[in-house]
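A.B. asks: Before I ask anything, here is the structure I am working with.
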Amino acid sequence: MSIFVFGRDLTSSGACDHLCSVDETSSQEYEANSDLLKALAIFGAAVTGIVAINHSWVAANQDLAMALLVGIGYAGIIFEESLVFNKRGVGLLMAVSLWVIRSFGASSTDVAVAKLMHASAEVSEIVFFLLGAMTIVEIVDAH
């Protein structure tokens, strides 16, 4: 008599059936490959960031640098499952990096702070409007 739990035959000495062993082997290879891919992606992003920050190319070509960063960020979000990244973390890092790039082109700190305050005021207006609208929709939906 064999007892199977989650694809494992508990009557034998820790051995799996043919499906279990394939699943475990492939999942172990996947975990090993995902760790390597994740390490390579983080290393590549760090090297790219260091090289970009040390050159004045970013300040001269802000729009292109920001477009490249958005592309890299979306690639990180798209391949989130294979790289085992958190989508929210990638999105937050992308947003912070975009603001850092935008501040490189500012002539002074005061100009950078003024740009940040203006943009955050616009975003805050939209967020507060959406919070109010979503609250009204939830109240109507609840009743």
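Quick note: the coordinates plus some simple rules give every number you see, no bench work behind them. In this text, all values refer to a predicted model and were calculated from it rather than measured experimentally.
A.B. asks: Let me know the Kirkwood hydrodynamic radius for segment 38-84, please, with Cα pairs as the basis and the value in Å to one decimal.
C.D. replies: Across segment 38-84, the inverse of the average 1/r is 11.5 Å.
A.B. asks: A further question on this structure: Extent of segment 63-122 along each principal axis, from alpha carbon coordinates, in Å, largest to smallest?
C.D. replies: Computed over the Cα atoms, the extents are 42, 23, 16 Å.
A.B. asks: Residue by residue, what Karplus-based ³J(HN,Hα) values in Hz, rounded to whole numbers, does segment 120-133 have, using 6.51, -1.76 and 1.60 with θ = phi - 60° and x for Gly and Pro?
C.D. replies: Values per residue, Gly and Pro as x: 5, 5, 5, 5, 4, 4, 5, 5, 5, 4, 5, 4, x, 5 Hz.
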